[in-house]
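Undergrad: Have a look at the structure that comes next, please.
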Amino acid sequence: MKYTCTVEIKKPLEQVVRLWENEDNFREWQDGFKSIEHLSGTPNTKGATARIILQDKRRIELLETILVSNLPEEKTALYVHDHMTNTQTTRFKKLADDRTLYISEVDYTKLNGIMIKLMAMLFPGKFKQQSQKWMDQFKAFAEKS
């Protein structure tokens, strides 16, 4: 299952990328973000790994591996969870001196378990809806920063 989400942000490219990469800001725009623990490598560089904890209705633990780190052009990471594996590619494009396009491409490559497979089959829009929600929340955060 693949999808792409976009949002236009009324801020300069460099400022948007700086805000997005700063892990101290994750709580501001990712509902349920609890922590990120770097496990190996230099954070935000190719090959680096980290454990990300999200807690909403239930605790979610993701293992992140950075595959490409060349922002604003591209940052691609592999995320592994008990129920799914996906890659996410983030790109930022300058639209004007004060406008940036934020693009997120997500590809779910593995779904583990009948429930998650049913959700993906019956409600594929829910996955995209969550990604778009976080992007919209990032936009609101970035534009007020």
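The values are calculated or read from the model by the stated rules, or taken from the named source; none is laboratory data. As the structure is a prediction and not an experimental result, all values here were calculated from the model. Quick reminder, even Gly has a Cβ in these numbers, built from the backbone with ideal geometry, and neighbours come from all protein chains shown. Remember, those area values only see protein heavy atoms, side chains included, never the ligands or the DNA or RNA. Shrake-Rupley method; radii C 1.70, N 1.55, O 1.52, S 1.80 Å.
Undergrad: Which order do PHE123, PHE138, PHE26 take when ranked by solvent-accessible area (1.4 Å probe, heavy atoms of all protein chains), largest first?
TA: The most accessible residue leads, giving PHE123, PHE26, PHE138.
Undergrad: Given (1) 89; (2) 154; (3) 103, which label gives volume of the Cα convex hull per residue in Å³ as computed from the coordinates?
TA: (3)
Undergrad: Once you sort the root eigenvalues of the Cα gyration tensor of segment 1-59 as a ≥ b ≥ c, which label holds: rounded (a/c under 1.5), prolate (a/b larger than b/c) or oblate (the other case)?
TA: Note, shape of segment 1-59 comes out oblate.
Undergrad: Could you list the GluC sites (Glu not before Pro) in segment 33-71 that lie in coil according to DSSP, counting only those with at most 13 other Cβ atoms within 10 Å of their Cβ?
TA: none
Undergrad: Related question: Just the accessible area for ASP97, please: 1.4 Å probe, Å², rounded to the nearest 10?
TA: 120
Undergrad: Okay, next question. Of LYS34, LYS57, which has the most accessible area and how do the rest follow, probe 1.4 Å?
TA: LYS57, LYS34
Undergrad: Once the piece of chain linking LEU95 and SER40 is laid out straight, how much longer is it, given 0.36 nm per residue of separation minus the C-alpha distance between them?
TA: 16.3 nm
Undergrad: Provide SER104, SER145, SER131 ordered by accessible surface of protein heavy atoms (probe 1.4 Å), highest first.
TA: Correct descending sequence by accessible area is SER145, SER131, SER104.
Undergrad: Let me ask something additional. At a probe radius of 1.4 Å, what is the per-residue accessible area of ILE53, in Å² to the nearest 10?
TA: 20
Undergrad: Rounded to a whole number, what % of the accessible area of the chain do carbon and sulfur atoms account for, probe 1.4 Å?
TA: Summing carbon and sulfur atoms, their accessible area is 51 percent of the total for the chain.
Undergrad: Sticking with this structure for a sec: Students often forget the sequence filter, so: which lysines lie under 22 Å Cα-Cα from LYS11 once same-chain residues fewer than 8 apart are removed?
TA: LYS75, LYS93, LYS94, LYS133, LYS139, LYS144
Undergrad: Counting each DSSP H run of 4 or more residues in the chain as -39500 (n - 2.57), what helix-only mean residue ellipticity at 222 nm follows after dividing by all residues, to the nearest 500 deg cm²/dmol?
TA: -9000 deg cm²/dmol
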